[in-house]
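The structure appears below as structure tokens.
The values are calculated or read from the model by the stated rules, or taken from the named source; none is laboratory data. Everything quoted here is computed from the prediction, not taken from an experiment. All Cβ positions, even for glycine, are placed from backbone atoms using ideal geometry, and neighbour counts span all protein chains on display.
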Amino acid sequence: MRRITLTLNGASITREVQDSRLLVEFLREDLRLTGTKESCGVGVCGACTVLLDGYPISACLTLAVHVHGCAVTTIEGVAEGDRLHRLQEAFLAHGGLQCGICTPGQILAAKALLDANPHPTRAEIQHWMMGNLCRCTGYYKIIESIAAACGAE
Amino acid sequence: MAATELSGKAVGLSVQRADGIAKVTGRARYAGDIELPGTLFGRCLRSPHASARIVSIDARRARALPGVHAVLTGADVPDTRYGRLCKDIPLLAKGVARFVGEKVAAVAADSVEIAEAALELIDVAYAELPAVFVPEDAMRPKAPVIHPEAVEIAAGAATRSHGELRMYPPIPNVISRFTMRHGDVAAALARAHRIFEHQFAVPSVHQGYIEPHTCLVSIGVDGLVDVWVANKGPHIARGHMAEAIGVPEDRVRFNPVAIGGDFGGKGSLMDTLLCHCLARATGRPVRFVMNSFEELTAGNPRHSAAITLRTGVDADAKLLAIEARVIFNAGAYAGFIPAPTLHGGYAEFAGAYRVPNCALEVLRVYTNTVPRGHMRAPGAPQVAFAVEIHIDMIAHEMRLDPLEMRQRNAITDGDLTPHGETRRHLRCRETIEAGARAFGWHRPKPPAVGRGIALYEHPSGSFGRSTVTLTLGSNGRFTLMVGSPDTGTGFHTIAAQLVAEHFGVAAAVVDVVQGDTLTSGFEAGSSGQRVTTTVGQAVAAAAERMKQDLTALAAERLNCAPGDVRLGEDGSLAAAGATIGLAPLMSWAAARGKAPLRCQGENDPGRPNDRTSFVAHFAEVAVDTETGQVRLRRVVTAHDVGTIVNPLTHQGQIEGGLMQAVGQALSERIVLQDGAVITAHLGDYKLPTSMDIPELETVLLPGGSGAAPFATTAIGEMSNVALPAAITNAVFDAVGVRLLELPVRAEQVLEGLSDRAGAA
Amino acid sequence: MIAFSYLEPSNLDEALGLLAKHGDAAKLIAGGTGLVNFMKQRLVRPQFVIGLRALRSLADVRDDGGLAIGALATLQSLATSGLVQRAAPLLAEACGHVATVRIRCMATIGGAMAHADPNLDTPPALIAMDGRIVARSQRGERTIASDGFFTGYYTSVLAPDEIVTGIVIPRQPAGSGAAYCKFLPATQDDYATVSVAARVALNGDGAIAEARIALGSAAMVPVRARAVEAALAGRAVDAAAIREAASLVLEAIDPIADFRGSAQYKRKMAVVHVRRALAEAAARARPPA
């Protein structure tokens, strides 16, 4: 077991974790933050995307001990209270989600993009979002949603 | 017919998803998100052999591992066999393992890590047995018989069209043989100008839902079994589970959870019965989550198929007769589908064409491979691939443009279907024309660029029971309780819009809730593009009853005869100059103990449906002639549609289905080696990404004739079926390479190019 | 996931000490994209996992004529670094082609080398740039030519007590052009069927002074195509010369059949993509001033 301290969705927390605990298990099981989803387990699908110091990462391939001293953002930290983030609003308005299982990862990946590049082109959106698989939407409406959120044409 | 009067407030609007906010904030609860105190984690040991006798299992070391609460082997679980129709799936392999990945032992432990460590301590001795991997081998007279014992079949084994069905006929390993004859095929072929015969192969693909199969079972002190499972039809699953564990249906409660994608793959109980055994053995709740390796190697992917088509045409390339033989590989167990065979393999066979004489033979066959299940329009993608390439090949031989070939043979009013049935308002030709126009079929194109077309016909599903409970509360808001989840399609949102439309109110005043199986009425669930139709019918029935109750209430309030009350705008009720809104009326009723109002509604699953819908896909590809790489540049998809309840979710169905088809066309395949799935993770099983989407234009032909309330037609299984054939036909158009197997792979295209160069 | 003890040294000496002490029982972890996957699939079962995350100075990129890049620099940071794009554009280009942005944000350049997966994008780029790999142990530091670093399927010349601390990329020949071609015939997030890194330097009269070519997914190791290089030296940049030379890549490669193609197909694709990469690199090159 190791003690880790991190800034999680803006608040500092300290917890004991098993050495081999994966970040996705730590979030979902130890902290009961189940908005982060796990699917492929090999870093391909992006369902477990969270932000580590602002960068998108796969929580299924990250050791929990590795986020000690870092800032982690999960889907639970994207809205401000009841005020949805513009990406969340855009996904709702433009049909960027269906079953919703990939949606937390999609929104976090998109947030990382917009935080680094507030006005991406549609091609940049498409390329950046390649790591987040979606089986329901065929991606068109996810791209539209992100483009709408940042006012891209 | 379709000119239904709409209020403009509900049906036809892009209403935002009812479950949207929960999903974009991470608050939606899927089966894996439910927490019960004391939950244990279940994992399975799986067979490494395609066919083997289990000589012995020694689980003593696993049982002794700290943190392990139960280890079960075949000897520890009931002899029950589960299946949605054919009951052939044991809870754990008993004596024999029939595919690589079959569950042989199960562990419940304090953590997944401990459970997995325990699996490594279970010693199983196997004696390998002969195995068969493809139907061709499995059907040979002396082939090893995978299920030598009789398989129990649930009542009601039937097909969706006339013909002869035989379950377990006397051919080794055949689960079902369906034959259908319409007209006189032999005579028609005898007078044919030319006869063409081709063979096609379609591999298994995975449904690709991002949420893996997950279940949680908890047994209460009173014996009530609570289940949270990623299953699209909880009422049916509840019935199967109650029967399997030998309790009345009301002693099993399936609780509502969000479903992370289905696409046909989540209709079975999968691990739920085993989870129940572990819960019983430990006295604790137990959760099972299949990891993605298990999903890909031991889930229930789409049936692979081998298809032979033989067609006679007259001198004008008009179809005279088609003879088809379709062989589906079902893998080691038949129980994952609720039907004798895949209805898309026959019921939608060549439905876009006038085929005056038709003979079908559809076989479903056991092999020692992963059991196969349903996937979005079961059977249809396989058969449509064959039919649409066959039609192109005939056009080519008859020196006819593929578009003209289809126009000439498209089914129209007055024609019988290939099954000899009558349908009305057929708009196949109009759909083709609209798509071709938008696509620019005849426009000049650069070298190595090709264009292809493919058609598909599929009616809205009107089978299976739907029951809803509609409640009007004292605040004037409606609540519709349904009995199955929104698997992502937008079904709950659409149901709210349908309710609202009946009362002329906005969908925002309707809440749709999914009840558990004790509180909700029976609902067969999302399948076969049925719910908009069947739930729509149930909603219409409930709304009709509620309007009567409301009218009576308003008459009392307004002191008039019920016959004088009219339903006005925004749900208001009016009579003789007086008008009262829904909310004040219901508030008045509440004060007198007459609120809420509650009405049930049911559909009529026996109602005949003589309507259907068409889709025409057009694909443009560019082929790199040095590498064989096929780039899908552009797709036009033209749909014959009725009233669209929600344009946003409707288009979402089209786009999502299309990209599933793109995956099947260009990248996805389950690869088997010695019977084992070796495309075992998403690094090797390649789902399309956001970088793989073509430029897309959707053409909608409104005014289609839906038989459902408000003249809606289904869209869920329209866009994912025929596109791979359009893409494959486009490859031929581009470089003259004819592929008869999916997916289109660069290597095969290049081989085709060198064969052509060699022949030239 | 398997169980292990996690150790987190706070400086390089401490890390070297832990590695020397635990040897084969320990594995180093940086981004984790390689090791965690292997541990989850039980392909490796280390007793100790030594995390390098605290060695932050190992993520620096320094301009010292060439480039000295710390092992912990993420591939995303290299793909987007202006300095790397100017001084080692081939590395930036190859990093930009790695998997998806999420993997690039996790995976490190040192990890990519130590992992020694023949399907990765960065090793061929490093070989084509004549890059070197810096490894440290308690016995000292050595600098290893990237061409020769990889010895087999997921194996390299690294000793069990050595840590990759960085890579060194010499100043690239003036005016040289480089290109990375990753052949992805199925989906865009796939591993390559074959990938080619090429660098072409011209001499004063515009002929090829030197070409360096390396391939990924073409053998058990990333390979350098020396015969192609030799055939091009001194030749004018023209399609025929490049075509003729590209076919010599077959001497260097021995591809493994997998889902991305048969060995025979990969051989053909290697020839095509060596040619394309060379043509692109030559088009980007200009004679030295």
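Can you tell me which residue among C:Ala211, C:Ala218, C:Ala227, C:Ala281 is more than 14 Å from every other protein chain (Cβ to nearest Cβ), within 17 Å of C:Gly148 (Cα to Cα), of a type in the set (A, V, I, L, M, F, W, C) and surrounded by 24 or more Cβ atoms within 10 Å (Cβ to Cβ)?
Step by step, each of C:Ala211, C:Ala218, C:Ala227, C:Ala281 is checked, and only C:Ala218 is more than 14 Å from every other protein chain (Cβ to nearest Cβ), within 17 Å of C:Gly148 (Cα to Cα), of a type in the set (A, V, I, L, M, F, W, C) and surrounded by 24 or more Cβ atoms within 10 Å (Cβ to Cβ).
If you scan segment A:84-93, which residues turn out to be of a type in the set (A, V, I, L, M, F, W, C) and either assigned to a helix (DSSP H, G or I) or at positive phi (or both)?
Passing the criteria: A:Leu87, A:Ala90, A:Phe91, A:Leu92, A:Ala93.
Across segment C:119-149, what is the total count of residues that are closer than 16 Å to C:Ser217 by Cβ and surrounded by fewer than 24 Cβ atoms within 10 Å (Cβ to Cβ)?
1
Which ones in segment B:621-633 are more than 12 Å from chain C (Cβ to nearest Cβ) and over 19 Å from B:Val721 (Cβ atoms)?
B:Ala622, B:Arg633
From (1) part of a helix (DSSP H, G or I); (2) surrounded by fewer than 20 Cβ atoms within 10 Å (Cβ to Cβ), pick out the condition that doesn't hold for C:Leu43.
Unmet for C:Leu43, out of (1) part of a helix (DSSP H, G or I); (2) surrounded by fewer than 20 Cβ atoms within 10 Å (Cβ to Cβ): (1).
Restricting the first residue to segment C:80-109 and requiring it to be facing another protein chain (nearest Cβ under 9 Å) and in a helix (DSSP H, G or I), which pairs with a second residue that is buried (at least 24 other Cβ atoms within 10 Å of the Cβ) and of a type in the set (Val, Ile, Thr) meet a Cβ separation below 8 Å and a spacing of at least six or different chains?
Between residues of segment C:80-109 that are facing another protein chain (nearest Cβ under 9 Å) and in a helix (DSSP H, G or I) and residues that are buried (at least 24 other Cβ atoms within 10 Å of the Cβ) and of a type in the set (Val, Ile, Thr), the close pairs are C:Arg102/A:Thr49; C:Arg102/A:Ile57; C:Ile103/C:Thr33; C:Cys105/A:Ile57; C:Met106/A:Ile57; C:Met106/A:Thr62; C:Met106/C:Thr33.
What is the number of the single condition among (1) outside any strand (DSSP E or B); (2) touching a residue at least 40 places away in the same chain (Cβ under 8 Å) that B:Glu404 does not meet?
The single condition B:Glu404 does not satisfy is (2).
What's the total number of residues in segment A:53-71 that are touching a strand residue (DSSP E or B) at 6+ places or on another chain (Cβ under 6 Å), surrounded by fewer than 24 Cβ atoms within 10 Å (Cβ to Cβ) and assigned to a strand (DSSP E or B)?
1
So if I check each of C:Val36, C:Val61, which one is at pLDDT 95 or above, within 22 Å of C:Ser77 (Cβ to Cβ), surrounded by 17 or more Cβ atoms within 10 Å (Cβ to Cβ) and facing chain A (nearest Cβ under 9 Å)? Spell out how you get there, then give the answer.
Numbers: C:Val61 fails: facing chain A (nearest Cβ under 9 Å).
After applying the criteria, what remains is C:Val36.
Any residue that is among the small types (Gly, Ala, Ser) and assigned to a loop (DSSP other than H, G, I, E, B) - is there at least one of those in segment B:543-558?
No, the conditions are met nowhere in segment B:543-558.
Looking only at residues in segment B:677-723 that are within 14 Å of chain C (Cβ to nearest Cβ) and not in a loop (DSSP other than H, G, I, E, B), which one is surrounded by the fewest Cβ atoms within 10 Å (Cβ to Cβ)?
B:Met691
Hey, among the residues in segment A:11-43 that are within 22 Å of C:Val49 (Cβ to Cβ), among the aliphatic types (A, V, I, L, M) and in contact (Cβ under 8 Å) with a residue 24 or more places away in the chain, which one's nearest to the other protein chains (Cβ to nearest Cβ)?
Checked segment A:11-43; the qualifying residue nearest to the other protein chains (Cβ to nearest Cβ) is A:Leu22.
Taking only pairs six or more apart or across chains, which ones have beta-carbon atoms under 6 Å, a first residue in segment B:139-166 that is within 22 Å of B:Gly95 (Cα to Cα), and a second residue that is among the aromatic types (Phe, Trp, Tyr)?
B:Ile146/B:Tyr366
Kindly indicate which of B:Val671, B:Val662 is buried (at least 24 other Cβ atoms within 10 Å of the Cβ) and closer than 30 Å to B:Thr367 by Cβ.
On the way: B:Val671 fails: buried (at least 24 other Cβ atoms within 10 Å of the Cβ).
Among B:Val671, B:Val662, only B:Val662 is buried (at least 24 other Cβ atoms within 10 Å of the Cβ) and closer than 30 Å to B:Thr367 by Cβ.
Tell me which strands (runs of 3 or more DSSP E) are completely within segment C:113-176 and hold 1 or more residues being modelled with pLDDT under 95, or say none if there are none.
Passing ranges: none, list empty.
In segment B:120-167, how many are surrounded by 14 or more Cβ atoms within 10 Å (Cβ to Cβ) and under 19 Å from B:Phe99 (Cβ atoms)?
18
When you scan segment C:176-188, do you find a residue that is touching a residue at least 24 places away in the same chain (Cβ under 8 Å), under 26 Å from A:Leu61 (Cβ atoms) and not hydrophobic (A, V, I, L, M, F, W, C), even just one?
yes
Which of the strands (runs of 3 or more DSSP E) found entirely inside segment B:1-85 contain at least 1 residues meeting this: closer than 30 Å to B:Tyr168 by Cα and small (Gly, Ala, Ser)?
Output list reads B:52-58.
Quick one: count up the residues across segment C:189-207 that are crowded, with 24+ Cβ neighbours inside 10 Å and either in a strand (DSSP E or B) or among the hydrophobic types (A, V, I, L, M, F, W, C) (or both).
8
Could you list, in sequence order, the residues of segment C:244-266 that are within 14 Å of chain B (Cβ to nearest Cβ), on the phi < 0 side of the Ramachandran plot, in contact with a helix residue (DSSP H, G or I) (Cβ under 7 Å, 6 or more places away or on another chain) and surrounded by 15 or more Cβ atoms within 10 Å (Cβ to Cβ)?
C:Ala246, C:Ser247, C:Pro255, C:Ile256, C:Tyr265
Go through the residues of segment B:512-529 one by one and say whether even a single one is farther than 30 Å from B:Arg238 by Cα, without any contact (Cβ under 8 Å) to a residue 40 or more places away in the chain and surrounded by fewer than 24 Cβ atoms within 10 Å (Cβ to Cβ).
Looking for residues that are farther than 30 Å from B:Arg238 by Cα, without any contact (Cβ under 8 Å) to a residue 40 or more places away in the chain and surrounded by fewer than 24 Cβ atoms within 10 Å (Cβ to Cβ), one finds none in segment B:512-529, hence no.
Collect the residues in segment C:150-194 that are out of contact with any Lys or Arg (no Cβ under 7 Å at 6 or more places or on another chain), within 14 Å of chain B (Cβ to nearest Cβ) and among the polar types (S, T, N, Q), keeping them in residue-number order.
Of everything in segment C:150-194, just one residue is out of contact with any Lys or Arg (no Cβ under 7 Å at 6 or more places or on another chain), within 14 Å of chain B (Cβ to nearest Cβ) and among the polar types (S, T, N, Q), namely C:Gln188.
Which of the residues spanning segment B:740-758 are crowded, with 23+ Cβ neighbours inside 10 Å and assigned to a loop (DSSP other than H, G, I, E, B)?
Passing the criteria: B:Leu742, B:Pro743, B:Val744, B:Arg745.
Before we move on, is A:Cys40 more than 17 Å from B:Gly26 (Cα to Cα) and not charged (D, E, K, R)?
The answer is yes for A:Cys40.
Which of the following residues is within 30 Å of B:Gln673 (Cβ to Cβ), of a type in the set (D, E, K, R), crowded, with 23+ Cβ neighbours inside 10 Å and touching a residue at least 60 places away in the same chain (Cβ under 8 Å): B:Arg43, B:Arg84, B:Arg17?
The unique qualifying residue is B:Arg43.
Are any of the residues in segment A:78-93 crowded, with 22+ Cβ neighbours inside 10 Å and touching a Phe, Trp or Tyr at 6+ places or on another chain (Cβ under 8 Å)?
No, because not a single residue in segment A:78-93 is crowded, with 22+ Cβ neighbours inside 10 Å and touching a Phe, Trp or Tyr at 6+ places or on another chain (Cβ under 8 Å).
Can you tell me which of (1) in contact with a His (Cβ under 8 Å, 6 or more places away or on another chain); (2) away from chain A (no Cβ under 12 Å) is the one B:Arg669 doesn't meet?
(1)
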